[in-house]
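Below: one structure, written as structure tokens.
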């Protein structure tokens, strides 16, 4: 085989294989909570926290703890400040907490579903990759999303529409399974979360902005 043909064959293989590797690397280990619970131990590998204060609003973080660092901190603070119901699923493993990630359209842990289906407004806090200080605002509840956008901007934070993969528009997304079948999904970049966790004043301003939007 000529050198040019070998090069072409190698190039074709790379085009086919690399996307498959990337897809596999990002795929969830578990397709739903039942699968996860059969392999991972609550209290050792993950914790579940819920609080029902009789509100018709819920703040949730289904990838909390060490899965998407900072998301459960934010959810707990907002729920406390706005006096809403709360749900968090937090990874507490010493390593490899990413295997506890269940995508939002498949997340069916019973307590989470109960909290969400009993709410009229749902705010789901997520973390995404990124070095920019941005909060992406998605989900089907455009009214609440607009309020959150306004309050965050007034507080000096940068917001943007999410890329399609983070849009939270799927009706099966847990944030959209409340009484009105639409919620808000925030995707907060890694750098934004780190900034909030390191700067108390910015953290409090961020929490206050989200809380105002929920009131």
Alpha-carbon centroid distance for the pair the range 164-184 / the range 79-146, whole angstrom: 11
Folded to 0 to 90 degrees: helix 142-154 orientation relative to the chain principal axis, Cα: 80
Burial ordering of 117, 84, fewest other beta-carbon atoms within 10 Å first: 117, 84
Tilt relative to the chain, helix 3-26 - C-alpha long axis, 0 to 90 degrees, to 10: 20
Estimated FRET transfer efficiency when R0 is 25 angstrom, pair residue 154-residue 51 (beta carbons, to 0.05): 0.35
Rounded to 10°, Cα long-axis angle of helix 71-82 versus longest principal axis of the chain: 20
Length-normalised contact order of the range 147-215 in % [C-alpha pairs under 8 Å, at least 6 apart]: 39
Cβ-Cβ FRET estimate between residue 96 and residue 32, R0 fixed at 22 Å, reported to 0.05: 0.70
Mean Cα-pair separation over length for the chain, i.e. relative contact order, pairs under 8 Å, 6 or more apart, %: 22
Estimated [θ] at 222 nm from DSSP helical runs (n ≥ 4, -39500 (n - 2.57)) normalised by residues in the chain, nearest 500: -13000 deg cm²/dmol
Among beta bridges that DSSP assigns inside the range 30-214, antiparallel share in %, nearest 5: 35
Debye intensity ratio in log₁₀ form over the Cα atoms of the chain, taken at each q of 0.17 Å⁻¹: -1.15
Estimated FRET transfer efficiency when R0 is 35 angstrom, pair residue 111-residue 200 (beta carbons, to 0.05): 0.70
Computed label-point distance, nm, for sites residue 166 and residue 118 using a 7 Å Cα→Cβ extension: 3.2
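Only the coordinates and a few stated rules stand behind these numbers; no lab work does. Being a predicted model, the structure only gives us computed values, none of them experimental. Don't worry about glycine lacking a Cβ; one is built from the backbone with ideal geometry, like all the others, and counts go over all protein chains shown.
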